[in-house]
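Have a look at the structure below, then the notes.
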Amino acid sequence: MQAPGGLELHYQPQVDLATGRLHGVEALARWRHQGLGAIPPTRFIPLAEECGLMGAMGRWTLDQACRQLAQWRRDGLALPAVSVNLSTSNFHNLELPVMVEQTLACRGLQPSDLVLELTESILLDNRGSALQTVERLHAMGVRLSMDDFGTGYSSLSYLRRLPVTELKLDQSFVADLEHAPTARALSAAILGIGNSLGLTVVAEGVETDAQKDILQAQGYRVAQGFRFARPMPPGELPDWMAQQGMTAAGA
């Protein structure tokens, strides 16, 4: 599947803080325009939504991320999983589970190799199609991650209604960890909620050693952010792992 209009995927490592191993990677879309250069997602994602291109972008992102995971494994890099962000409009598509199933089969992957990240905006779906799609994906064995947890008014309701297996602590909490006792209390509380429900909790946006140390002391196992690595082209990941002396979790 050809990249639409200069899009490419970069991958940000997720690190197991206890073992130092690679827990997984998150696929992040980047747009490199011939004339304008690199355009940030904060600009091109809203534009894609306005133009009705999120469906095509989601299909391409899913296929490309699964293709890359399969390629890494063929190259001997035993990555546990890849995380992919899909928009709420993608989850409205009742054919999404079929598309996911076909993509995984085409790439020789299992449902548990894929983590789909979603946001609580799915709860605003009055038609019920998004919730139905999420339930079908969960029944297939695809892992579901609640992104930006703690930032919305309905986060706890979200947990009750959606079959997620992972929470992502929003980076706004992580940014304040060093200076705000409230942020530390909330991050500890969110970890406690996740642990009590048997969910993996990932801290995102970790940029400093102090943030990493606080999260690790609180009991966080998985983190991602500039402290470990910026999102990188797929060809750079093996070299980055070698420089870090890192192996993949489960390898």
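Where strands (runs of 3 or more DSSP E) fall entirely within region 1-106, those with at least 1 residues that are at pLDDT 90 or above, touching a Gly at 6+ places or on another chain (Cβ under 8 Å) and within 23 Å of Pro238 (Cβ to Cβ) are at 7-16, 82-85.
For first residues located in region 216-237 and touching a residue at least 40 places away in the same chain (Cβ under 8 Å), partners that are part of a helix (DSSP H, G or I) and among the charged types (D, E, K, R) and lie 6+ apart or on another chain with Cβ distances below 7 Å form the pairs Ala223/Lys212. May I ask you to say which residue of Glu178, Glu207 is touching a Phe, Trp or Tyr at 6+ places or on another chain (Cβ under 6 Å), at negative phi and either among the β-branched types (Val, Ile, Thr) or surrounded by fewer than 18 Cβ atoms within 10 Å (Cβ to Cβ) (or both)? One residue alone meets the criteria, Glu207.
Look at region 94-120: where a residue is on the phi > 0 side of the Ramachandran plot and a partner is buried (at least 16 other Cβ atoms within 10 Å of the Cβ) and in a helix (DSSP H, G or I), sitting 6+ places away or on another chain with Cβ atoms under 8 Å, you get Gly108/Ala70. Candidates are the residues of region 66-116 that are small (Gly, Ala, Ser) and more than 20 Å from Val164 (Cβ to Cβ); the one that is surrounded by the fewest Cβ atoms within 10 Å (Cβ to Cβ) is Gly76.
Being in contact with a Pro (Cβ under 8 Å, 6 or more places away or on another chain), surrounded by fewer than 18 Cβ atoms within 10 Å (Cβ to Cβ), more than 23 Å from Gly20 (Cβ to Cβ) and in contact (Cβ under 8 Å) with a residue 40 or more places away in the chain, is that true of even one residue in region 141-154? Taking every residue of region 141-154 in turn, none turns out to be in contact with a Pro (Cβ under 8 Å, 6 or more places away or on another chain), surrounded by fewer than 18 Cβ atoms within 10 Å (Cβ to Cβ), more than 23 Å from Gly20 (Cβ to Cβ) and in contact (Cβ under 8 Å) with a residue 40 or more places away in the chain.
The values are calculated or read from the model by the stated rules, or taken from the named source; none is laboratory data. Bear in mind that the values here come from a model prediction, so they are computed numbers and not experimental data. All Cβ positions, glycine included, derive from the backbone under ideal geometry; neighbour counts span all protein chains shown.
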